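The values are calculated or read from the model by the stated rules, or taken from the named source; none is laboratory data. This structure is a prediction, so every number in the text was calculated from the model and none was measured. A quick note on method: Cβ atoms are made from the backbone with ideal geometry, for glycine too, and the neighbour counts reach across all protein chains shown. Heavy atoms of the whole protein, side chains included, go into the accessibility calculation; ligands, DNA and RNA do not. Shrake-Rupley method; radii C 1.70, N 1.55, O 1.52, S 1.80 Å.
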Amino acid sequence: MLAQTLHTIEQELNDPSFSESFYWVNQLLDDAGEEQLAERLDQAIPETWSWKVVGSLFGILSWSMSDNGSALLRTTEGWLREGTNLRRIQIALLQDTYPFRDANEMFLVLDGIAQRFPEVADSCRQWITWRHEHILNHGP
């Protein structure tokens with residue numbers, strides 16, 4: 001089930017609707033359940049899978065889970081706080097929700113990651129810019 005889901009996501013990476021992928025993700029959720037799913041998937045998915053595919057899986061999961069992905073987001077925020085595993089960082093940064101409820105924590109964590117991992121510096125800076133713009137336009 002997991003391999004089929006990842007294959008489908010890989011095939012649909014350039015299709016923003018991910019129509020088939022949502023079907024397979026829902027099947028995966030029915031089969032695996034939601035309990036500690038991010039950690040279990042991180043353990044189960046070989047590193048031969050592109051972080052973009054895995055990040056897209058997590059993004060689809062956040063739309064499909066009963067808690068709207070909040071447990072998944074907490075896990076990926078933990079990965080960002082740890083700031084040591086580039087693959088996990090890349091997966092976490094690919095999500096479509098601001099990491100961290102507290103903007104200052106987000107700025108601090110992402111700035112540190114950008115300094116340690118030039119590969120994701122642009123992505124970190126983009127999240128920081130978006131959050132600053134959001135605060136300016138809507139308040140903290």
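Enumerate the calculated ³J(HN,Hα) couplings along region 10-23 in order (Karplus 6.51 cos²θ - 1.76 cosθ + 1.60, θ = phi - 60°), each rounded to whole Hz, writing x wherever the residue is Gly or Pro.
4, 5, 9, 3, 9, 10, x, 7, 6, 4, 5, 4, 4, 4
Determine the dipole magnitude for the chain: charges of +1 sit on the beta-carbon of Lys and Arg, -1 on that of Asp and Glu, nothing else is charged, the reference point is the Cα centre, and the result goes in debye to the nearest 20.
440 debye
Using θ = phi - 60° and the Karplus curve 6.51 cos²θ - 1.76 cosθ + 1.60, what whole-Hz ³J(HN,Hα) does each residue of region 29-38 get, with Gly and Pro shown as x?
4, 4, 6, 9, x, 9, 4, 6, 5, 4
Does region 1-78 classify as rounded, prolate or oblate by the C-alpha gyration tensor (a ≥ b ≥ c root eigenvalues; a/c under 1.5 gives rounded; else a/b over b/c gives prolate, otherwise oblate)?
Because its axes are fairly even, with a/c under 1.5, region 1-78 counts as rounded.
With every protein chain kept in place and ligands, DNA and RNA left out, what is the accessible area per residue of the chain? Probe 1.4 Å, answer in Å².
Using a 1.4 Å probe on heavy atoms only, each residue of the chain averages 57 Å².
Fully extended, how many nm does the chain gain between K52 and N104 (0.36 nm per residue separation, minus their Cα-Cα distance)?
So the extension gain works out to 16.0 nm.
By how many nm would the segment from D96 to H134 lengthen if fully extended, with 0.36 nm per residue of separation less the alpha-carbon distance?
My answer for the length gained is 12.3 nm.
Per DSSP helix of 4 or more residues, -39500 (n - 2.57); summed, then divided by the residues of the chain. What does that give at 222 nm, rounded to the nearest 500?
Dividing the helical sum by the residues of the chain leaves -22000 deg cm²/dmol.
In whole percent, and with a 1.4 Å probe on the protein chains, what portion of the accessible area of region 1-97 is carbon and sulfur?
Roughly 47 percent, rounded to a whole number.
Which ³J(HN,Hα) values, rounded to whole Hz and listed in residue order, are derived for region 115-125 from phi using the Karplus coefficients 6.51, -1.76 and 1.60 in 6.51 cos²θ - 1.76 cosθ + 1.60 with θ = phi - 60°, glycine and proline given as x?
Residue by residue, region 115-125 yields 6, 7, 10, x, 4, 10, 4, 4, 5, 4, 5 Hz.
[x] 15.4, 48; [y] 15.1, 44; [z] 15.5, 51: which one is Rg and Dmax of the Cα atoms in Å as calculated from this entry?
[y]
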